[in-house]
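The values are calculated or read from the model by the stated rules, or taken from the named source; none is laboratory data. What you are looking at is a predicted structure, and each value in this text was computed from that prediction instead of being measured. Quick reminder, even Gly has a Cβ in these numbers, built from the backbone with ideal geometry, and neighbours come from all protein chains shown. Note: areas computed on protein heavy atoms with side chains; ligands, DNA, RNA excluded. Shrake-Rupley method; radii C 1.70, N 1.55, O 1.52, S 1.80 Å.
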Amino acid sequence: MWRYTTLAALVAVATRLLPWHETTDVARRMAPILLFLIAITVLAELAEVALVFDIAAREAAHLARGRTPVLFLLVALLSALTTALLGLDTTAVLLTPVVLALADQLRLAPLPFAMLTVWLSNTASLLLPVSNLTNLLALRRLHVSPHGFFDRMWLPTLVSVGMTVVVLGLRYRRDLGGRYLVPRQPGVDDRPLFLLTALACVALVPGILLGGDPTVVVTVAAVALVAVFAVRRREALAVRLVPWRLALFVLSLAIVVETLLRHGGDRVVAAVTGDGTALPDLLQVAGVGAVSSNLLNNLPAYLVVEPDAAGGGVDRLLALLVGTNVGPLVLVWGSVATLLWRERCRARGVQVSARHFATVGLLGMPLVLVAATAALAVS
């Protein structure tokens with residue numbers, strides 16, 4: 001995917017469909033976003049090496065004391081926190097294999113837990129600027145403070161997470177009954193490394209809510225953690241930690257979208273998104289974001305609709321975030337995180353068909369979307 005997007009961006013620049021000064025403007029606006037993307041990925045990868053996710057998942061199994069429904073709720077809490085702190089890709093890519101391995105160890109049906117992690121990687125990504133790349137883009141577009149963003153989005157996030165647990169809990173209720181054999185309480189091989197890594201992850205919240213720039217806060221945390229690993233586990237540091245393909249994809253995508261908007265795309269978007277900030281208007285914007293996310297992928301969907309939504313004020317842009325963050329749960333290519341999640345499921349021997357994913361999404365996603373948008377309207 002990144003190759004085709006990069007090629008399209010190069011064609012747009014080479015043919016001057018997007019003038020050079022506008023290309024450099026896009027690159028300048030995207031630079032902090034790309035730095036954030038690299039830093040948060042390095043932070044998450046090192047957290048995996050330090051076994052933060054493994055320890056947390058095993059601790060959840062121990063705390064649930066053999067009660068499968070309680071474990072389901074604790075995994076939901078862990079998934080929501082991971083998404084909020086480290087982003088949706090971290091939950092989809094790094095937490096999912098840990099949860100599936102735990103389900104296999106406890107001899108539990110893996111499908112409910114697999115669906116729970118991927119749903120929450122999307123529906124819990126509304127809370128903080130670091131939770132989703134679209135949030136960071138919106139923050140910089142509207143010049144809203146991180147604390148202001150949190151104030152507006154904590155209620156929609158709480159509603160969307162709660163609705164996710166209810167919808168999936170009811171859908172898989174037959175698989176979530178009964179008990180399991182409680183595993184041994186988890187231990188930590190390198191306790192200082194584990195604690196420092198967990199601290200670096202948790203410290204993101206006060207650092208951002210106290211007014212720190214999300215890119216700066218995450219970069220400082222990542223650099224500090226790299227320094228810790230350089231002392232305690234140097235072999236874990238490698239160039240592969242840097243997601244250069246993903247960064248190139250995001251930059252190229254921004255150039256392609258800017259080109260489309262310049263050549264008439266903005267008029268099409270304005271025609272379908274409407275205007276106004278009443279609840280029906282916000283539902284319309286969120287619905288456009290959700291449908292276009294499933295058809296195109298959520299990141300290009302956000303970038304296409306963003307200029308029009310931002311022109312209508314904060315409420316409309318936040319409604320777009322609800323659509324693009326919560327919405328891509330019907331078609332498996334709705335978000336990059338979902339595609340990566342599906343590959344991780346396959347690697348663990350868990351097959352989730354596109355039909356099953358779409359069926360569950362068609363039934364549940366509209367309920368979550370409407371509830372979260374209504375919560376935004378009253379927040």
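Of the helices (runs of 4 or more DSSP H) lying entirely inside segment 190-287, those containing at least 1 residues that are of a type in the set (A, V, I, L, M, F, W, C) and touching an Asp or Glu at 6+ places or on another chain (Cβ under 7 Å) are 266-273.
Anything in segment 150-174 that is in a helix (DSSP H, G or I), closer than 11 Å to MET115 by Cα and not β-branched (Val, Ile, Thr)? List them, or say none. LEU168, GLY169, ARG171, listed by residue number.
Of the residues making up segment 279-313, those that are open to solvent by 50 Å² or more (accessible area, probe 1.4 Å), out of contact with any helix residue (DSSP H, G or I) (no Cβ under 6 Å at 6 or more places or on another chain) and modelled with pLDDT of 85 or more number 3. With respect to MET30, determine if the residue is open to solvent by less than 40 Å² (accessible area, probe 1.4 Å), at pLDDT below 90, under 19 Å from VAL336 (Cα atoms) and among the hydrophobic types (A, V, I, L, M, F, W, C). So MET30 fits the description; yes.
Taking (1) open to solvent by 20 Å² or more (accessible area, probe 1.4 Å); (2) touching a helix residue (DSSP H, G or I) at 6+ places or on another chain (Cβ under 8 Å) in turn, SER145 satisfies each apart from (2).
Candidates are the residues of segment 174-213 that are surrounded by 15 or more Cβ atoms within 10 Å (Cβ to Cβ) and among the acidic types (Asp, Glu); the one that is modelled with the lowest pLDDT is ASP213.
The rows are residues; the columns are (1) farther than 23 Å from ALA103 by Cβ; (2) open to solvent by 10 Å² or more (accessible area, probe 1.4 Å); (3) among the hydrophobic types (A, V, I, L, M, F, W, C); (4) in a helix (DSSP H, G or I).
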| site | (1), (2), (3), (4) |
| --- | --- |
| TRP333 | yes, yes, yes, no |
| ALA337 | no, no, yes, yes |
| ARG346 | no, yes, no, yes |
| VAL350 | no, yes, yes, no |
| PHE357 | no, no, yes, yes |
| GLY364 | no, no, no, yes |
| LEU367 | yes, yes, yes, yes |
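Elements of the type helices (runs of 4 or more DSSP H) sitting completely within segment 1-119 and holding at least 2 residues that are under 26 Å from ALA236 (Cβ atoms) and not polar (S, T, N, Q): these cover 20-49, 52-64, 68-86, 96-105. Apart from one condition, HIS356 fits all of (1) modelled with pLDDT of 95 or more; (2) closer than 29 Å to PHE149 by Cβ; the exception is (2).
With respect to (1) farther than 27 Å from ARG342 by Cβ; (2) open to solvent by 30 Å² or more (accessible area, probe 1.4 Å); (3) touching a Gly at 6+ places or on another chain (Cβ under 9 Å), the lone exception for ARG171 is condition (1).
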